[in-house]
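First the structure, in the form of structure tokens, and then the observations on it.
The values are calculated or read from the model by the stated rules, or taken from the named source; none is laboratory data. Predicted model, so just to flag it, every value in this text is computed and none were measured. When we count neighbours, we look across all protein chains shown, and the Cβ atoms used for this are built from the backbone with ideal geometry, even at glycine. Just the protein is used for accessible areas: all its heavy atoms, side chains included, with ligands, DNA and RNA removed. Shrake-Rupley method; radii C 1.70, N 1.55, O 1.52, S 1.80 Å.
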Amino acid sequence: MFLKDKISFYKVCFDSMQVGILVYNTSKEIVLANTPLSNIFGYTIDELLENKVNLLFKSNNLIDEFIKNPQKEKFKSAIELIGIIKNGDEINLEINFGKIEYENQCYFKALISDISLRKEKEKEILNLAAKLEEEVKLRTIELEDAIKHLKTSLDKEKELNHLKTKFITLASHEFKTPLSVILTSTELISKYSDLQLPKKRDAHVSKVKIMVNHLNGMLDDFLTLENIELGNIKPTYSYFKFNKLVKEIIKNTKPFLKNKQTITFENNNGEMIYQDSKILKIILTNLLYNAIKYSKEIGKINVKIDANNTHIYLTVNDDGIGIPDNEQNLIFNRFFRAKNAMFYPGTGIGLNIVKGYVNKLEGAISFKSIENEGTSFYVKLPKISSHE
Ligand code: ADP
């Protein structure tokens, strides 16, 4: 095929390229530029041909470096550069540099693509990825929290199951004596009724009552334990007279005193206090029952109350069997019973409940004990203001 005007055909081809073509000499004067290049930069081709390449780039370091050393490895692939267009805006460019020899003169060519759009997209993708990462992090934390929560519930559930199993073992042992007392007493009651012996019958009726109460108490303890475990206990505060409540509790426990046991009350407070009287009652009753149970037939028990501006104090002291030194650190553990207590009935729940309640009221409990000499328990509870 024969072309009449090869030059104009070359120009058409030159201008229809997908990339901008820039050719400059060693003095960096622009000698050739195609239409896509003029479109990228916003200059007319004539304007470009009157200028140096410096006009088109933010920095000319790479241009200079290429002129000096075109063989460099980095020029073998496309290079990214910031271009400046006619209105002064910056754009992202991708450039392939090359060297041309023509009539013993050295020229340089640069094939230039505007990659601003691609860069923008890349930035968007990076932002999106960062957001996604953040989201994943957040979700992971949420998931970890959920797992932790689930684990705590599961642990609680396990602990409760363990508690129930342990209680069944304990109860089947502890229930035996009262139940057999109830059985013999009821058998005797029917006999004594036949024999017209009302006094003896009444004595056994009251024995049955005591035993049933005892069993009931054990069941209550267990239910309390479960409620503390489940976090179901919430204090209910009200005003009451501290010493009056304590006196009443002492009176209620008196029927349980052994033969010659006595309870004295050191009453150092006549104030109205704002506290949970029900919880206070459970605490004191438990400590008193223990004092009665773990002291001799002629034991002396002393209850003392006190108060200052911030706290109320409760002490229960006995001269009973005491707690062995090497077991004292375990005394508030659930189901723990000291070796010297094994001959006495019990489940090892009471003190654990007391401790749970004292904690609920944000108080503190401690004790001093010497084996075979006696034990003192000290309870300290904050005075609550009704406005809190
Ligand atoms: P329980 O009396 O049913 O065994 P508690 O939880 O009330 O359970 O007490 C735990 C243990 O602490 C008792 O088994 C006993 O060894 C010891 N203990 C508690 N109070 C006294 C006390 N006043 N004197 C001696 N030991 C006591």
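Quick notes on this structure:
- Boolean, V316 is more than 11 Å from the ligand (Cβ to nearest atom), at pLDDT 95 or above and β-branched (V, I, T): no
- Subset of segment 345-377 (residues that are in a loop (DSSP other than H, G, I, E, B), near the ligand (Cβ under 7 Å from one of its atoms) and under 18 Å from G299 (Cβ atoms)): G346
- Given (1) modelled with pLDDT of 90 or more; (2) touching a helix residue (DSSP H, G or I) at 6+ places or on another chain (Cβ under 8 Å), index of the condition Y102 fails: (2)
- Looking across N92, N104, N87, N96, one residue alone is under 25 Å from L55 (Cβ atoms), exposed (fewer than 10 other Cβ atoms within 10 Å of the Cβ) and either outside the structural domain of N54 (by TED's automatic domain parsing) or not hydrophobic (A, V, I, L, M, F, W, C) (or both). It is N87.
- With a requirement of 2 or more residues that are under 26 Å from K121 (Cα atoms), the helices (runs of 4 or more DSSP H) lying completely within segment 1-99 that satisfy it span 35-41.
- Identity of the residue in segment 247-272, among the polar types (S, T, N, Q) and part of a helix (DSSP H, G or I), that ends up most open to solvent (accessible area, probe 1.4 Å): N252
Okay, residues lined up against (1) under 60 Å from the mean Cα position of the chain (by Cα); (2) β-branched (V, I, T); (3) at pLDDT 95 or above:
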position: V31; (1), (2), (3): no, yes, yes
position: L48; (1), (2), (3): no, no, yes
position: L56; (1), (2), (3): yes, no, yes
position: I67; (1), (2), (3): no, yes, no
position: P70; (1), (2), (3): no, no, no
position: E73; (1), (2), (3): yes, no, no
position: I95; (1), (2), (3): yes, yes, yes
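- Given (1) loosely packed, with under 13 Cβ neighbours inside 10 Å; (2) assigned by TED's automatic domain parsing to the domain that holds T152; (3) touching a residue at least 12 places away in the same chain (Cβ under 8 Å), number of the condition E226 does not satisfy: (1)
- Sole residue being assigned to a helix (DSSP H, G or I) and out of contact with any Cys (no Cβ under 7 Å at 6 or more places or on another chain), chosen from I233, I168: I168
- Residue list for segment 209-220, restricted to those being open to solvent by less than 40 Å² (accessible area, probe 1.4 Å) and out of contact with any helix residue (DSSP H, G or I) (no Cβ under 6 Å at 6 or more places or on another chain): G217, M218
- Residue count for segment 338-386 under the criterion of being open to solvent by 80 Å² or more (accessible area, probe 1.4 Å), without any contact (Cβ under 8 Å) to a residue 24 or more places away in the chain and under 30 Å from the mean Cα position of the chain (by Cα): the result is 2.
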